[in-house]
Amino acid sequence: LATELIVNPNTIARAYRELEKEGFIYTRKGKGCYVSDDSSSLIKEERTQIIIRILDEAIEEAKKFNPDSAEIRKLFAKRITLTEESKRGGEKNE
């Protein structure tokens, strides 16, 4: 793999160790590395954490304009609706 990707073999070994440490793969001595059965739940959790971080950052930015929580919720719901309509081919108004 290192030869194919033109990287140092230590980099590949480190990547595999990190994937195993994070629970995405497991290693069977003499057999190889395999994707963990629960890796999809780990990926989903990681995805959820990224979304939460993005939303938290957006909320903090919005708070600089002193809206109340109800206004933030209303705007967020409106943006979701507009985004969904846009994906369905509707006209994006804002």
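The values are calculated or read from the model by the stated rules, or taken from the named source; none is laboratory data. Computed from a prediction, not measured in an experiment: that's the story for all the values here. With ideal geometry, Cβ positions are generated from the backbone for all residues, glycine too; neighbour counts draw on all protein chains shown.
A few comments on the model shown:
- Condition broken by Ala62, with the remaining ones in (1) of a type outside the set (D, E, K, R); (2) over 24 Å from the mean Cα position of the chain (by Cα); (3) under 30 Å from Ile80 (Cα atoms) satisfied: (2)
- Of all the listed residues (Leu75, Leu42), the sole one being surrounded by 10 or more Cβ atoms within 10 Å (Cβ to Cβ), at pLDDT below 90, among the aliphatic types (A, V, I, L, M) and not in a loop (DSSP other than H, G, I, E, B) is Leu42.
- Looking only at residues in segment 8-39 that are over 22 Å from the mean Cα position of the chain (by Cα) and part of a loop (DSSP other than H, G, I, E, B), the one that is farthest from Phe76 (Cα to Cα) is Gly30.
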